[in-house]
Amino acid sequence: MQPKTRIVICTRCGGMKLGWNRRYITHWLWCRQGLRKSARVAGTVAVVATLALGFPEPSASVASVPTSSPSVRQVNVTPVTVEQATLQVERQIRSMEAFLELHQVSEENRGRLAESLVLSAKKHGLNPKLLASVMIVESRGNPFAISGQDAVGIMQIHLPTWGDTADRENINLLKIEDNVDFGARILKDYVSRFGLDGGVRRYNGYIPGEPTWEESSQRYVEKVQQVYGQEFSSVS
């Protein structure tokens, strides 16, 4: 039997003070606006740098092939600059903000959520819109959401399953960026092993062969697809 989770919510900032998150959730991470802004800037710069440097130059073996060879076509590869990568990320974030607004996610954290969803989706190789759709079904963007099943935060991380991992890796489950990234990591693992439909089912706690869970997980998939706007077969 899992121990009961003891939780106390700070009346000033909403931070979780006891329970699973006792060791790593500190109030100054939540109560100082300057730190939140600097964390967002640092995250964006890191991803932009990764994008800009992630496009390799043509290899020497390709460049040295004689132009007279009938089986080889030369392709001019234009390197992506940091500015271009930055603009690409900014466009995706603006698009994500519009998607969140469409689904009535609170304006208070909408920009921060959009940025976190885009960056974490890129980091883990997910479609940002799919990740956002799961998030909307789970919590509709409430960073302090706590379910009756001991699931916490934006992506509703299930504490009995993932609490030890979060504690061991110092993941702050009530910090938007940490929760979104951990949720993206979990979803990516499920999708890689079970496909899109199966991965989304398992994110909801799918138990194969149990009729109640079969029905519940199917309803969950349908909710995510409704938010996403189309069948998962079109997700790329």
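Laboratory data are not the source of any read-out in this text; all were calculated from the coordinates shown. Keep in mind that this is a model prediction, so the values were computed, not measured. FYI the Cβ positions are ideal-geometry reconstructions off the backbone, even for glycines, and counts take in every protein chain you see.
Key figures for this structure:
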quantity: Ascending count of other beta-carbon atoms within 10 Å, so fewest first, for 168, 94, 112; calculated: 168, 94, 112
quantity: Exposure proxy ranking, count of Cβ atoms within 10 Å, fewest first, for 154, 136, 207, 171; calculated: 207, 171, 136, 154
quantity: Förster-model FRET efficiency, 25 Å R0, residue 170 and residue 192, C-beta, rounded to 0.05; calculated: 0.50
quantity: Likely footprinting exposure, 123, 129, fewest C-beta neighbours within 10 Å first; calculated: 123, 129
quantity: Cβ-derived FRET efficiency at R0 30 Å, residue 230 paired with residue 90, nearest 0.05; calculated: 0.75
quantity: Shape category assigned to the stretch 136-179 from the gyration tensor of Cα positions, a/c cut at 1.5; calculated: oblate
quantity: Alpha-carbon Rg/Rh ratio, for the stretch 164-209, with Rh computed the Kirkwood way; calculated: 1.05
quantity: Relative contact order (percent, whole number), the stretch 88-186, Cα cutoff 8 Å, 6+ residue spacing; calculated: 24 percent
quantity: Net charge, residue 192 excluded, C-beta distance under 15 Å - Lys, Arg +1, Asp, Glu -1; calculated: +4
quantity: Charge tally in the Cβ shell below 15 Å around residue 206, where Lys, Arg are +1 and Asp, Glu are -1, residue 206 excluded; calculated: -2
